[in-house]
1. Out of (1) out of contact with any Lys or Arg (no Cβ under 6 Å at 6 or more places or on another chain); (2) open to solvent by less than 100 Å² (accessible area, probe 1.4 Å), the odd one out for F417 is which?
2. Checking the structure you have, find out if any residue of segment 554-566 is in contact with a Ser or Thr (Cβ under 8 Å, 6 or more places away or on another chain) and modelled with pLDDT of 80 or more.
3. If you scan segment 100-118, which residues turn out to be over 31 Å from the mean Cα position of the chain (by Cα), open to solvent by less than 70 Å² (accessible area, probe 1.4 Å) and closer than 12 Å to T137 by Cα?
4. Within 45 Å of the chain's Cα centre (by Cα) and modelled with pLDDT of 90 or more, is that true of N399?
5. Mind listing whichever residues of segment 283-310 are surrounded by fewer than 20 Cβ atoms within 10 Å (Cβ to Cβ) and in a loop (DSSP other than H, G, I, E, B)?
6. Assess whether R615 counts as being more than 30 Å from V456 (Cβ to Cβ) and either modelled with pLDDT under 80 or part of a helix (DSSP H, G or I) (or both).
7. One residue is enough: does segment 347-356 have a residue meeting the conditions assigned to a strand (DSSP E or B) and either of a type in the set (A, V, I, L, M, F, W, C) or under 30 Å from S210 (Cβ atoms) (or both)?
8. Collect the residues in segment 536-553 that are open to solvent by 70 Å² or more (accessible area, probe 1.4 Å) and either in contact with a Ser or Thr (Cβ under 7 Å, 6 or more places away or on another chain) or at pLDDT below 90 (or both), keeping them in residue-number order.
Amino acid sequence: EVCSELWCLSKSNRCITNSIPAAEGTICQTNTIDKGWCYKRECVPFGTRPEGVDGAWGSWSSWGECSRTCGGGVSSSVRHCDSPRPTIGGKYCLGERKRYRSCNTDDCPPGSQDFRELQCAEFDNVPFRGKYYTWKTYRGGGVKACSLNCLAEGFNFYTERAAAVVDGTPCRQDSNDICVNGECKHVGCDRVLGSDSKEDKCRVCGGDGSSCETIEGVFNQSLPEGGYEEVIQIPKGSVHIDIRELNLSINYLALRGDSGEYFINGKLSIDPPRRFDIAGTTFHYRRSPEEPESLEALGPTNITLFVMVLVRTEPQGIRYKFNAPVGRDGSSLYSWHYTPWTKCSVLCAGGSQIQSVVCRKLSDGSTVPNHFCSADTKVPERQRSCNTEPCPPAWAIGNWSECSRSCNEGVRTRSVFCKRKISASEEKTLDDASCTQPRPKMLEPCNNQTCPPEWVALDWSEAKLPLCPPSPCPLSLQCTPSCGPGFRHRIVLCKSGDHSVTLPTSQCHEATKPPTSMRCNLRRCPPPRWVTGEWGECSAQCGLGQQRRSVQCLAHTGQPSMDCMEALQPPGMQQCETKCESGPTDNPEECKDVNKVAYCPLVLKFKFCSRTYFRQMCCKTCQGH
């Protein structure tokens, strides 16, 4: 395609390009355009300037595979700017080429490994700077939320193992937002990408805050030193837990379960400040020399907890605040329910119906995301067969074929069979009489409009040159001259739409007329060569003389040329000898020296009289010698 990229033949017979298009207006040719010119990087009919076509989006592709099997993954769908593609300077499509949606939003099974931890662990068997490490998630600051930063266990360094985490990975702990294509995207509390759904104070998605009550106060009782004392009980299902000392002290907050085991700062042993995964949520335990001690968790908790204090001195006050579920039993707020049976998937030959399971809020019966219900009590989805009787006979009609002609009345066809579907996998073909009559048409006319006059180009071989007989010209005469650059010709006629009548050329559009000649080059012409004539007569009638001939450099056309190699030029003159009649003569006057020759005494002196030529020229001088 010369219009999009110009290629040239170098002196070393190599095709080279600078990856730039040919200049506007450059003559071009394609399979459908005999003579065109380059216009906006495309070959269009010569002399035309088509308008550019703006691009338009094609259909969205089907949704791809989900990036996660649980916990909220992402699937994507793409579309392309190809309906149509932008051409000849047309505008490209505006809008998004790729879209995303949430999938597999149900909670992962209890005890599942953290999704970031799984991604870091995949690099345990990949050497890092020549060594192998066990990698854990790095949760410190100073890094991008959606890059995979892993900490080498047992070593004091972390590194970025991947520029982007797998789609669906949470951007941060205690956040619904997820990473998509390396960027943090907002996710509503319903775990749907881009959703505006928000939790109420009870952490109920889209709730009105009526399913819980706020418990808050300050504990400042006088306590004996040296042991643990209870501050407040946090019921199961509580959310937004915030426990903190009012002032700096040497006392320590502690947390234990309802069975007596301690999770934080138990057995008179003080834990360092960090995160603790406890009771189905994450507690943030903070303690520093500058700020009072604190415990925070989003919840909900799955067991009842007790906030304790390890007393070392008189408490300065402990503030607590959390939202406890109404009735103090969070699990009773939601339950699993069957939906009504769906419609049968088909009307006959065996279909299916499905009864799905959804999680509903008991207070108003509204459907909520599945993670609000307990996965342990979820009931299985139901499915049953329906409409199992065979279908009645019916015509199975295929698609119409392309019309056989674009004008002047073509035909199109389609397949028509009488069939009966017995089941999803079985179908029988019956006699036409078994189906309702009449049978649908299998053939119909199309494109009945009359074709406009058009140019019809004969084959190149049918262009009779004056030298050609009535039969087609041989290949050597299809190109004139028969060697080197030349032209070949053909006849182009203006014909009626059905090609039955030859019309005056004025009835066809001159701009669309195919070319009647085309450049050609059948073979290289033979190089110029030396041509010699016949040798002339010898210049001497007796003895040695010279004879000449014509020597010319002629091209293959017979015209004189200057391109023959001088080293190969044949000689134009050569020596010749004519026999002389010898013997004594009766007339001494016939033997004489030629007056023009003045060197006869030298001929005698140097004994050249034995040579026929000199003997003839100096006959008198050489006589007797």
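The values are calculated or read from the model by the stated rules, or taken from the named source; none is laboratory data. None of these values were measured; they are calculated from a predicted model. Every residue, glycine as well, gets a Cβ built from its backbone with ideal geometry; the counts of neighbours run over all protein chains shown. Areas reflect the complete protein model, heavy atoms only, side chains present, ligands, DNA and RNA absent. Shrake-Rupley method; radii C 1.70, N 1.55, O 1.52, S 1.80 Å.
1. It fails just one condition, (2).
2. Scanning segment 554-566 turns up at least one residue that is in contact with a Ser or Thr (Cβ under 8 Å, 6 or more places away or on another chain) and modelled with pLDDT of 80 or more.
3. Within segment 100-118, D114, E117 qualify.
4. Answer is yes for this residue.
5. Within segment 283-310, R287, S288, P289, E290, E291, P292, L298, N302, I303, T304 meet the criteria.
6. yes
7. Yes: segment 347-356 contains one or more residues that are assigned to a strand (DSSP E or B) and either of a type in the set (A, V, I, L, M, F, W, C) or under 30 Å from S210 (Cβ atoms) (or both).
8. Filtering segment 536-553 down to residues open to solvent by 70 Å² or more (accessible area, probe 1.4 Å) leaves 537, 539, 541, 544, 546, 548, 552.
Those that are open to solvent by 70 Å² or more (accessible area, probe 1.4 Å) and either in contact with a Ser or Thr (Cβ under 7 Å, 6 or more places away or on another chain) or at pLDDT below 90 (or both): E537, S539, Q541, L544, Q546.
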